[in-house]
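The values are calculated or read from the model by the stated rules, or taken from the named source; none is laboratory data. Just so it is clear, the model here is predicted, and its values are computed rather than measured. Here the Cβ positions follow ideal geometry from the backbone for every residue, glycine too, while neighbour counts run over all protein chains shown. In case anyone asks, the SASA skips ligands and DNA or RNA and just uses the protein heavy atoms, side chains included. Shrake-Rupley method; radii C 1.70, N 1.55, O 1.52, S 1.80 Å.
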Amino acid sequence: MSTGRFPTLYPLAAACALLFASAPTLADERADWPEEVLLGTASLGGTYQVYGDGLVTRLIDELGIDAVSQATGGPYHNMTLVHTGEAELGLVTLGPARELWDGEAEFAPGEEMRDVRALFPMYQTPFHVVTLAGSGIESIADLSGKRVGVGPMGGTCAAYWPQFLEALGVEDVHLQYADANHLADYLTSRLSDAFAFCAGLPIRAFERLERRRDVHMFGLTEQEQSTLLDTFPVSAFEIPADTYASMDAPHASVSFWNFAIGHKDLPESFVYELMKLVLDHPDAMMEIHPAAIETRAEHLDKNGVIWFHPGAVRYYEEQGLEVPAEMLPPEMRPDEDADDEDASDTDD
């Protein structure tokens with residue numbers, strides 16, 4: 001006599017069988033994952049540090065992998081750490097990344113750091129200046145002869161602010177190098193006259209400054225912006241008026257795009273899961289930092305410097321997005337393209 005139990009239990013048994021059958025597959029996919037992941041960020045008080053710390057927390061909580069963030073000198077340092085394998089992941093702006101990718105960095109001339117792969121777009125880094133109210137410094141031109149903090153040595157800000165000032169004809173600037181929090185303290189202690197920085201908005205060190213002191217913030221004139229656009233590989237950017245309480249109008253600026261990077265030998269399945277963790281959950285990323293509003297898959301086209309990792313390419317293609325052929329790693333290109341790349345490397 002039938003009790004009617006078997007029709008009920010059969011789907012459950014089948015589901016359990018499917019679950020157990022898939023378990024070895026999941027385990028196999030993670031078999032070659034790194035035991036621990038190190039993520040290079042930048043100076044304390046900057047957006048990289050906040051963004052990176054939050055990303056590491058998500059790696060631990062959601063992927064169950066041991067991960068740690070490390071304060072570094074910024075993009076130049078991170079590109080080097082990932083290229084050499086001392087860090088699995090890093091955060092870079094594309095200006096410094098291009099110098100190191102092409103072997104044009106002053107500290108490593110001729111060394112092309114090509115063991116790095118691009119992962120996901122993060123946000124834009126605009127350049128901005130803050131001074132104490134009443135300092136008499138109202139514009140870029142007023143920085144001549146002043147003490148100006150520009151971030152830590154090896155960072156994007158420290159590399160490009162001096163070049164920007166020279167291109168704009170601002171002379172005799174006394175540059176100061178330190179992390180964002182220290183430079184904010186220098187300003188309040190009147191050890192600096194201005195703090196010129198660059199980071200995803202809002203910059204936490206700038207927010208802390210305006211909570212403690214009356215400050216004045218400014219960007220570029222239209223002519224200054226035009227000069228920098230003509231001279232450097234930057235994009236035009238407008239800092240919104242509501243970014244800081246001390247602003248009452250938008251500020252013209254220029255920016256670099258930021259991308260997360262990983263070593264070329266990271267497993268494809270790990271990178272793919274990392275891409276899903278970040279790009280499938282925009283709200284969670286924006287809880288880490290508001291700048292993550294630009295952490296979107298469609299911004300992959302902003303990278304024209306570093307080849308994408310195969311795990312990233314897999315993710316983008318599943319989203320219906322095409323990675324340009326020149327941004328594919330050599331192993332994913334048609335044979336003739338890979339051969340051309342090898343020949344090009346030999347010629348160099």
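For the stretch 258-326, what does the alpha-carbon gyration tensor say about shape, rounded, prolate or oblate, given a ≥ b ≥ c as the root eigenvalues, a/c under 1.5 as rounded, and a/b over b/c as prolate? Verdict is prolate for the stretch 258-326.
Near the amide H of LEU132, within less than 5 Å, lie the amide hydrogens of HIS216, all on another chain or at least 5 residues away, with H placed in the peptide plane. Between GLU106 and ALA133, the contour length at 0.36 nm per residue exceeds the Cα-Cα span by 6.0 nm. The fraction of Cα-Cα pairs per 10 angstrom bin, counted from 0 for the stretch 145-236, comes to 16, 48, 33, 4 percent, rounded to whole percents. Shown for the stretch 161-227: the carbon plus sulfur share of the solvent-accessible area, taken with all protein chains present and a 1.4 angstrom probe, equals 40%. For ASP283 and GLU35, a Förster radius of 25 Å and the Cβ-Cβ distance give a FRET efficiency of 0.25, rounded to the nearest 0.05. Measuring r between the beta carbons of THR57 and LEU175 and using R0 = 35 Å, the FRET efficiency lands at 0.50. Direction-averaged projected area, Cα convex hull, the stretch 70-157: 7.4 nm², rounded to one decimal. Axis of helix 268-279 versus longest Cα principal axis of the chain: the two differ by about 60°, to the nearest ten degrees. Taking a point 7 Å from the Cα of GLU318 along the Cα-to-Cβ direction, the residues of the stretch 273-290 with backbone N closer than 11 Å to it are 273-277, 280. Expressed per residue, the C-alpha convex hull volume of the stretch 180-305 stands at 152 Å³. Quick one: putting +1 on the C-beta of Lys and Arg, -1 on the C-beta of Asp and Glu, what dipole do you get for the chain around its Cα centre, in Debye to the nearest 20? The calculation lands at about 1840 debye. Each DSSP beta bridge with both residues in the chain is either parallel or antiparallel, and the antiparallel ones are about 65%. With r as the distance between the Cβ atoms of ASP265 and ARG211 and R0 = 35 Å, compute the FRET efficiency 1/(1 + (r/R0)^6) and round to 0.05. In this case the efficiency is close to 0.20. Listed by chain and number, the aspartates and glutamates whose alpha-carbon sits under 17 Å from that of LYS302, ignoring those within fewer than 8 places in the same chain, are GLU99, GLU294, GLU317, GLU322, GLU326. Between the listed residues PHE107, VAL323, PRO202, the Cα displaced farthest toward the positive end of the dipole of the chain, a dipole computed from Cβ unit charges relative to the Cα centre, is found at PRO202. For the chain, the longest principal axis of the Cα atoms and the long axis of helix 222-231 meet at an angle of about 60 degrees. Shape summary of the chain, radius of gyration then Dmax from alpha carbon positions: 23.4, 98 Å.
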